[in-house]
Amino acid sequence: MPSPLQTAVEPRRGVSSELLLFFLPTFIWGTTWLAIKFQLGVVAPEVSVGWRFALASLLLLGWCGMRGVPLRFGAVDHLRFAVLGLLLFGLNYVLVYRSEQHLTSGLVSVLFAFLVFWNLLGARVFFGTPAPRVVILGAVLGVVGVGLLFWPEVASMRAGAEAQALYEQAANSYRHAMRLAPAAVDAQTGMGAA
């Protein structure tokens with residue numbers, strides 16, 4: 001019997017859905033840094049992250065319910081999901097929130113953009129996958145673009161807090177590589193194949 005992961009509803013492809021899939025995450029990721037900044041200081045970062053992902057879980061459960069996506073998984077899958085959630089989302093975001101207690105949100109977003117290079121390095125080290133030139137070029141353009149948007153914050157960097165943010169990036173990239181470990185890595189994109 002195939003796993004629910006293998007029998008998930010196939011999305012319909014089209015120009016409008018591709019545009020939505022580009023602009024919606026861009027909007028969400030573009031505003032997430034401000035949301036984190038507004039949450040800081042009200043409660044502990046761990047509590048903020050917990051509430052954030054509890055709300056996200058409810059939204060995703062509702063979405064899956066509306067689309068009829070099956071959500072029955074075995075105990076081993078649930079354990080994997082728990083570890084993935086703890087490492088990739090829980091710990092990662094607690095470290096991002098803690099970084100934003102010492103750095104401006106613009107600077108954290110610039111440092112976070114460097115994660116793409118750690119991921120490419122992790123794909124090379126753990127899977128032997130070379131990074132295609134077009135992917136490296138896209139990564140450089142993306143980081144430069146984010147850096148230019150927040151240039152005043154970049155120009156005023158302090159050494160201690162940046163080290164914490166860079167450590168967070170390296171740790172997150174390692175967790176990302178471990179998440180991809182069971183999946184094949186596509187040689188063209190450096191991303192895990194489903």
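All told, A139 meets the bar of being crowded, with 18+ Cβ neighbours inside 10 Å, modelled with pLDDT of 75 or more and assigned to a helix (DSSP H, G or I). Residues of segment 50-62 that are under 20 Å from the mean Cα position of the chain (by Cα) and not charged (D, E, K, R): G50, W51, F53, A54, L55, A56, S57, L58, L59, L60, L61.
Looking at segment 75-124, which of its residues are modelled with pLDDT under 80, of a type in the set (V, I, T) and part of a helix (DSSP H, G or I)? Within segment 75-124, V108, V110 qualify.
Would you point out the residue of segment 18-55, among those that are of a type in the set (F, W, Y) and touching a helix residue (DSSP H, G or I) at 6+ places or on another chain (Cβ under 8 Å), that is modelled with the highest pLDDT? It would help to see each step written out before you state the result.
Within segment 18-55, the first condition is being of a type in the set (F, W, Y), and the residues that meet it are 22-23, 27, 29, 33, 38, 51, 53.
Filter once more, keeping what is touching a helix residue (DSSP H, G or I) at 6+ places or on another chain (Cβ under 8 Å): 33, 53.
On the way: W33: 73, F53: 88.
Restricting to residues being of a type in the set (F, W, Y) and touching a helix residue (DSSP H, G or I) at 6+ places or on another chain (Cβ under 8 Å), the top hit is F53.
Looking only at residues that are assigned to a helix (DSSP H, G or I) and either in contact (Cβ under 8 Å) with a residue 40 or more places away in the chain or closer than 28 Å to V43 by Cβ (or both) in segment 126-136, which one is nearest to the chain's Cα centre (by Cα)? Only one residue fits best here, namely V135.
Looking across segment 22-49, just one residue is under 16 Å from the mean Cα position of the chain (by Cα) and either closer than 17 Å to L86 by Cβ or surrounded by fewer than 10 Cβ atoms within 10 Å (Cβ to Cβ) (or both), and that is V49.
The values are calculated or read from the model by the stated rules, or taken from the named source; none is laboratory data. All values reported here derive from a predicted model rather than from experimental measurement. We place every Cβ from the backbone using ideal geometry, glycine too, and count neighbours over all the protein chains shown.
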